[in-house]
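Notes to accompany the following structure.
The values are calculated or read from the model by the stated rules, or taken from the named source; none is laboratory data. Note that the coordinates shown come from a computational prediction; the quantities given were computed from them, not determined experimentally. Here the Cβ is made from the backbone with ideal geometry for all residues, glycine too, and neighbour counts use every protein chain on show. To get the accessible areas, we keep the full protein, side chains included, count just its heavy atoms, and leave off ligands, DNA and RNA. Shrake-Rupley method; radii C 1.70, N 1.55, O 1.52, S 1.80 Å.
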Amino acid sequence: MLGAVVVGIGTAGQVRIRDISAPLLGSPAEKLNVKGFISRRSLDPQQGVSQISVDEAVSREDIQVAFICTENVSHEDNTRTFLQAGKHVCVEYPMTMNYKAAVEFWDLAQKKGLILHEEHIELLTEDYKVLKREVEGKTLLEGTLHFTGGALKPGFGFPTFSGIARLTWLIELFGELSVTAATVEEDLGSNYSKMTAKLLTSDNRPLTWIEERSPGLPRAKNINFHFDSCTLTQIPPAPRGNIGLFMQDLIHFSSKLAGHVSAEELQREKLRILRCLHLAEEIQNLCQS
Ligand code: NAD
C-alpha cells in the first residue's frame, strides 16, 4: 500500500479524496490510501480524512505520494516540495506555468526514481475519443478551436496555461504545432479575456486556437475543422463513459506507480507535456510582446 496526501481542498481535491477512498475494485488504485490533506485554511476532517501540515506530510514515511490540487499558480512550489522530499507526485494540469520548472521537475523525478504525473482528464473524455477517431486518417486543410467559458478565479494563470487542456487536444489531434502570431484582449473591469493564437501544423496548415472567458459565458468547445474530405463543425455526440474521468486518471497514475506503464509510454507523455508547456509559454510571450 502507498500512503497519499491531497494538497488543496477545492473541487479537484475533494474528488481525489473521494476516489482514493473508494477506488475502482480490482484496479491498481486500490493500492493507495489517503492519510491526510493539506489546506491553507484550517478545516475539519473532510470525508473522514484529517488535515495535516506540509512538514508532517514530507517527513512521514507512510506517505509516499502527493496529489497537488491547488489553483495553478501554486502547483510549481508544491510539486517541488514533494519531489524534493522523495514523494511521487500527481499534479492537476498545468504542472507549472513555465517550461523551465517543468524540465527541472522531470529531471528531479528521474534522478530520485519518482513518478511525476500530470493529470489530463480532457484526453479521457468520450468527446475527445470520438473526435480523435473522426480526425484519424484525414488531412487537415485549416481549422479553429474556439473555447468559451466563465471567468476564472485568481491564480489560474495566463489563458495558455489555464487552457492547456485545449492545447493538449490540438497537439494530440494534429501533431507538432508551431505558433506564428498571438494576441490577447483583456478587460479587467468586466473580467473579459480573449486569447487568439495562430498555429501551424508540421505541413503548414493553419490552426487557430481561441480561449475566450467572460462571467456567465457558457462552457463550450466550438470547432471548425476543414479536411480534404469533409468539414467538422461540431464534436460528434458521444455517451458518457461508466468510469469517472478523475477515477480513470487515478487508475492511470496508480498503474505508473505499480510499474505497469511502459517506458515508451512514459516518455511519450513526458515529451507531449513538455511540448505543450513550451508552446503555451511561447504563445504567452508573443501575446505580451
Ligand atoms: P477550486 O477553485 O475548487 O480550488 C482551487 C484552490 O482553491 C484549492 O487549493 C482550494 O483549496 C482553494 N479553495 C477552494 N475553495 C476555497 C475557499 N472557499 N477558500 C479558500 N481557498 C479555497 O479549483 P479546482 O477546480 O479544484 O482546481 C484545482 C486544480 O485542478 C487546478 O489546477 C485545475 O486546473 C485542476 N483541474 C480541475 C478540474 C475540475 O473539474 N475541477 C479539472 C481538471 C483540472
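Taking only protein heavy atoms and a 1.4 Å probe, the accessible area of segment 1-97 is 48% carbon and sulfur. For the chain, the dipole from Cβ point charges (+1 on Lys and Arg, -1 on Asp and Glu) about the Cα centre works out to 320 debye, to the nearest 20. Can you compute the label reach from A151? Point 7 Å from Cα along the Cβ direction, backbone N cut-off under 15 Å, restricted to segment 166-199. Answer for this model: 186-194.
Taking the protein heavy atoms of segment 135-289 in the context of the full set of protein chains, the accessible area attributed to carbon and sulfur is 50 percent at 1.4 Å.
Sorted on the mean count of surrounding Cβ atoms within 10 Å across their residues, most packed first, peptides 152-165, 25-38 read 152-165, 25-38. Run the helix sum for the chain: -39,500 (n - 2.57) per DSSP H stretch of 4+ residues, divided by residue count, reported at 222 nm to the nearest 500 deg cm²/dmol. Calculated at 222 nm, the ellipticity per residue is -11000 deg cm²/dmol. Around the amide H of Y93, modelled in the peptide plane, lie the amide H atoms of E119, all under 5 Å away and 5 or more residues distant in sequence or on another chain. Farthest toward the positive end of the dipole of the chain, out of M97, T148, G13, is the Cα of G13, where the dipole comes from beta carbon charges about the Cα centre. Ordering F174, M195, S162 by Cα displacement along the dipole of segment 130-247 toward the positive end leaves S162 in first place; charges were set at the Cβ atoms of Lys, Arg (+1) and Asp, Glu (-1).
Legend: distances between Cα atoms for K198/K221; K87/K256; K129/K198; pairs beyond 21 Å are K129/K198. Between the listed residues V73, G3, L207, the Cα displaced farthest toward the positive end of the dipole of the chain, a dipole computed from Cβ unit charges relative to the Cα centre, is found at G3.
Maximal additional length on extending the H260-K129 stretch stands at 44.9 nm, based on 0.36 nm per residue less the C-alpha distance. Charging the Cβ of each Asp and Glu at -1 and of each Lys and Arg at +1, and nothing else, the dipole of segment 185-253 about its Cα centre rounds to 200 debye.
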